[in-house]
Protein chains: 2
Amino acid sequence: MHPMVNDDAAAKARTGSDAANAGAAEKAAGGGKARTKSRGRPRSFDRETALEKALLAFWEHGYEATSVSDLTRVMDIGAPSLYAAFGDKRSLFEEVVRVYGTRYGSFTDRALAEEPTARDAVERTLREAATAYTQPGHPHGCLVVHAATNCSTPEVEESLRDRRNANIAAFESRIRADVAAGVLPPATDAAALARHTGAMIQGMSQQARDGASREELEAVAEIALSIWPRTGTHTG
Amino acid sequence: MHPMVNDDAAAKARTGSDAANAGAAEKAAGGGKARTKSRGRPRSFDRETALEKALLAFWEHGYEATSVSDLTRVMDIGAPSLYAAFGDKRSLFEEVVRVYGTRYGSFTDRALAEEPTARDAVERTLREAATAYTQPGHPHGCLVVHAATNCSTPEVEESLRDRRNANIAAFESRIRADVAAGVLPPATDAAALARHTGAMIQGMSQQARDGASREELEAVAEIALSIWPRTGTHTG
DNA sequence: TCATTTATCTAGCGGTCGCTACAGAAATGA
DNA sequence: TCATTTCTGTAGCGACCGCTAGATAAATGA
């Protein structure tokens, strides 16, 4: 069904992503190893800037509804340049998802890593979600939640689903750790608590898409947090 | 951008939806008024059955990802028959949404109408959502939540968004009524409570799509319900 | 029997989709 | 200067999109 030169294109894109960037982005000579200068005609656009534009487009309209011609327009490059630099539409999307994760979607991981208890991590996550999902300057809600629903490419849909479920699993293991440490009661249903948190995050994201303001989402988060036994409720 | 015979097509579909159905579906003569028999060649398929097939397809894949050729295949009719009976793709989808609302999505309205308090209505809604969203035999989750996200036809997206927000507004006014009646404390933030309920429903729907079981959703609902002041907490 | 009405079938319209062949342009190393 | 390498612009591929014209089939009323 698809052309069979994909490997070729992917390889091209990969080299483009590593080496060619060094020529355009890193203006300071410096760099010790590897090729110091690229050979042929240099890229006429900044790869990261174009990637960010693609990110915003995918974030706003989703994977399917963002056509390649939409992408070339907002990235301000021709289709051949897009394919040379990023591979096909799907690998561009995958790269966008990676960048999104590190740039916009890392507050959950940070909360889980930095907060002392699961409850604190959830509290911080929900509060930060309220502000992140309504931030002006980029689309509302979470790309991972919305960008590949009802997608006719099942692999894309699954990859985002996996990310969502991995998030919930991370909450669950953090909660289990608190239960084991006696911070939470032994009878705590860690799986249900984690899933409740995931559902809240996803519901808040949907609400943000549907027009809810930051204050409204913060009020929702506040209510959702009241389900937690207060910190210090640890049993023996 | 579009052909301008849409009014024509819509008119055709409308008559088809009313009269032509009487010929095929109502086998008992009976019916008092109106035309007793249709004139031309009778429809070769059952309109309601075909509509149900379309409903399931839209429910599973969403508005955009379900192509007309997908529809004609699952409905087992030709494209001209589809257009004659239902108008264009969008009016078919709108009819599907109406049918979905009465057949699968009415549990919220019923709970709001039949339960004595807002809290009871929300409790019943969340519990029924857990079972409805994981029912075998049809796609999981809620069509209204998922079928028109990231839709390149803004009107379709908005029409479902309006339904979601109307649902939340219904919760809010029911909560306000309880506050006014002294069933809930006067300080109750009705808007936030309603939005929290909406977010839970939408989050549970997403969870159902992502593979959560009925039992898992029921546990989530249970947790979500614990935010409510117990029934009988009314102040003076 | 036959004109009328309505539904179905075949076939295909113009448009967009993701993607690429090809030729020319801009850099490098010799 | 010139071969080599790489990127860019034009132009268009085959496939699918939503949708429909036109011919034919099956019912009705006369």
Taking the condition more than 30 Å from A:ASN165 (Cβ to Cβ) and either among the polar types (S, T, N, Q) or free of Cβ contacts under 8 Å to residues at least 60 places away in the same chain (or both), does B:VAL96 pass?
-> no
Scan of the range B:119-154 for residues that are surrounded by fewer than 16 Cβ atoms within 10 Å (Cβ to Cβ), assigned to a helix (DSSP H, G or I) and either touching a His at 6+ places or on another chain (Cβ under 6 Å) or within 14 Å of chain A (Cβ to nearest Cβ) (or both), ordered by number = B:PRO154
Output for Cβ contacts, cut-off 6 Å, separation at least six or different chains, first residue free of Cβ contacts under 8 Å to residues at least 60 places away in the same chain and more than 14 Å from chain B (Cβ to nearest Cβ) in the range A:70-89, second within 9 Å of DNA strand D (Cβ to nearest atom) and in a loop (DSSP other than H, G, I, E, B), reads A:ILE77/A:PHE45
Would you pick out the residues in the range B:162-174 that are surrounded by 18 or more Cβ atoms within 10 Å (Cβ to Cβ) and facing chain A (nearest Cβ under 7 Å)?
-> B:ARG164
Among the residues of the range B:175-196, is any acidic (Asp, Glu), out of contact with any Ser or Thr (no Cβ under 8 Å at 6 or more places or on another chain) and within 10 Å of chain A (Cβ to nearest Cβ)?
-> yes
In the range B:50-69, what residues are within 14 Å of another protein chain (Cβ to nearest Cβ), farther than 17 Å from A:THR153 by Cβ and open to solvent by 60 Å² or more (accessible area, probe 1.4 Å)?
-> B:SER69
In the range A:59-73, what residues are in a loop (DSSP other than H, G, I, E, B) and not charged (D, E, K, R)?
-> A:GLY62, A:TYR63, A:ALA65, A:THR66, A:SER67
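Can you pull out every residue in the range B:77-86 that is more than 8 Å from DNA strand D (Cβ to nearest atom) and open to solvent by less than 40 Å² (accessible area, probe 1.4 Å)?
B:ILE77, B:ALA85, B:PHE86
The values are calculated or read from the model by the stated rules, or taken from the named source; none is laboratory data. Because the structure is predicted, anything quoted here is derived from the model rather than measured. Cβ: placed from backbone, ideal geometry, glycine included. Neighbour counts: every protein chain shown. Ligands, DNA and RNA are excluded from the accessible area calculation, which covers all protein heavy atoms including side chains. Shrake-Rupley method; radii C 1.70, N 1.55, O 1.52, S 1.80 Å.
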